[in-house]
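The values are calculated or read from the model by the stated rules, or taken from the named source; none is laboratory data. Worth saying up front: this structure is predicted, and the values here are computed from it rather than measured. Cβ atoms come from the backbone with ideal geometry, glycine included; neighbour counts cover every protein chain shown.
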Amino acid sequence: MKATLDEMRTFMAVVDTGSISSAAELLSMTVSAVSRSVSRLEAKLETTLLNRTTRKLDVTNEGTIYLDKVRHIVEAVENAEAQLKSQKYKPSGLLRINAATPFLLHVLTPHIAKYQSLYPEVEIDLNSNEENISLLGTKTDIAFRIGELQNSTMRAIFLGKSRIRIVASPEYLRQHGTPTSIDQLLNHKLLGFNKPEYLKEWPIMDDKNKLLRIMSSLRSDNGETLRCLALHGAGIACLSDFMTYSDRQAGRLVGVLSEHTHNVEQPVHAVYYKNASTSRRISSFIDFIKQEIKVENHQFL
């Protein structure tokens, strides 16, 4: 017997979520039904796809090869179904979106009204978290992630890259002087992230030819907090273009050590678990935001 599309989807869900119980929740199935589906698929293929123990679940080499093929098949079918349905039905229902506060404020919220004018039947919940969240645990449909992706099991759409720059307010520089070297910079009041670790690296090379790791005297886990501190003259910060473009254009923030700064860009992705009940809402919003970002290419590369 040949494998069915539902069995392929179930196998994908188990691998993507990391457990049979999480896959069952995602697919609105019972745990036993998910387990039987995977066992049935393995029997049809006459091979073991997953090694199961009481503590963990591992994908076999054969399972990894099969998973790659299955993803292409399922995605092709879902895209074909979505295209047909989009001609008849507009997206509707609840869409739950999560992003870091600066991305939510500067990139997403300016376009929400336009999106809902195009898709008035879609309700939107906007939530902000400065750290990566579990989409399943928080029942999130789309999360926007800045930086290199750590989890490759979710589906991800690349939206662009945003450069990071060292900036300060003109008033701060008038009072404390403008640094012209790394040594001078390190003697200034530096505003930095307390987490994650990679955001403590600024786009200047140190004496070991590595990105300069700064020790800030005023820290936050929220980029918007650091932006506000910089605007009010509290010190020098290193922030992403999508957050500071308007401030730099208006002269509220200016670049610092621009001639020493390397071109360091942060990738931006929309990540999601796609299923039939949310696919039209998810795809419509991601496609919409991707187009809006493309138009505003001063913030993204």
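Things worth noting here:
- Members of segment 27-43 that are within 26 Å of Thr140 (Cα to Cα), buried (at least 18 other Cβ atoms within 10 Å of the Cβ) and not small (Gly, Ala, Ser): Leu27, Met29, Val34, Val38
- The listed residues are Arg219, Arg227, Arg174, and the only one of them that is crowded, with 20+ Cβ neighbours inside 10 Å, on the phi < 0 side of the Ramachandran plot and modelled with pLDDT of 90 or more turns out to be Arg227.
- Restricting segment 171-202 to residues that are in contact with a strand residue (DSSP E or B) (Cβ under 6 Å, 6 or more places away or on another chain) and of a type outside the set (A, V, I, L, M) leaves a set whose member that is farthest from Glu130 (Cα to Cα) is His188.
- Filter result for Cys238 (of a type outside the set (Asp, Glu) and surrounded by 18 or more Cβ atoms within 10 Å (Cβ to Cβ)): yes
- Positions within segment 34-92 being of a type in the set (A, V, I, L, M, F, W, C) and modelled with pLDDT under 75, in sequence order: Ala82, Leu84
- Filtering segment 181-206 to residues that are surrounded by fewer than 16 Cβ atoms within 10 Å (Cβ to Cβ), within 21 Å of the chain's Cα centre (by Cα) and assigned to a helix (DSSP H, G or I) leaves Glu197, Tyr198.
- Qualifying residue in segment 236-250 (condition: under 26 Å from Ile286 (Cα atoms), out of contact with any strand residue (DSSP E or B) (no Cβ under 7 Å at 6 or more places or on another chain), assigned by TED's automatic domain parsing to the domain that holds Ile286 and not in a strand (DSSP E or B)): no
- With respect to the stated conditions, Leu94 fails to be in a helix (DSSP H, G or I) and surrounded by 12 or more Cβ atoms within 10 Å (Cβ to Cβ).
- Index of the failed condition, Ala24 passing every other in (1) part of a loop (DSSP other than H, G, I, E, B); (2) crowded, with 16+ Cβ neighbours inside 10 Å; (3) without any contact (Cβ under 8 Å) to a residue 60 or more places away in the chain: (1)
- Residue match in segment 166-173 (condition: outside any strand (DSSP E or B) and free of Cβ contacts under 8 Å to residues at least 24 places away in the same chain): no
- Ile133 satisfies every condition listed in (1) aliphatic (A, V, I, L, M); (2) touching a helix residue (DSSP H, G or I) at 6+ places or on another chain (Cβ under 8 Å); (3) under 30 Å from Met215 (Cα atoms); (4) not assigned by TED's automatic domain parsing to the domain that holds Leu229 except (2).
- Residue check, Lys208 farther than 27 Å from Phe158 by Cβ, among the basic types (Lys, Arg) and in contact with a Phe, Trp or Tyr (Cβ under 9 Å, 6 or more places away or on another chain): no
- Applying the criterion of being among the hydroxyl-bearing types (Ser, Thr, Tyr) and within 23 Å of Asp58 (Cβ to Cβ) to the residues of segment 1-19, the residue that is modelled with the lowest pLDDT is Thr17.
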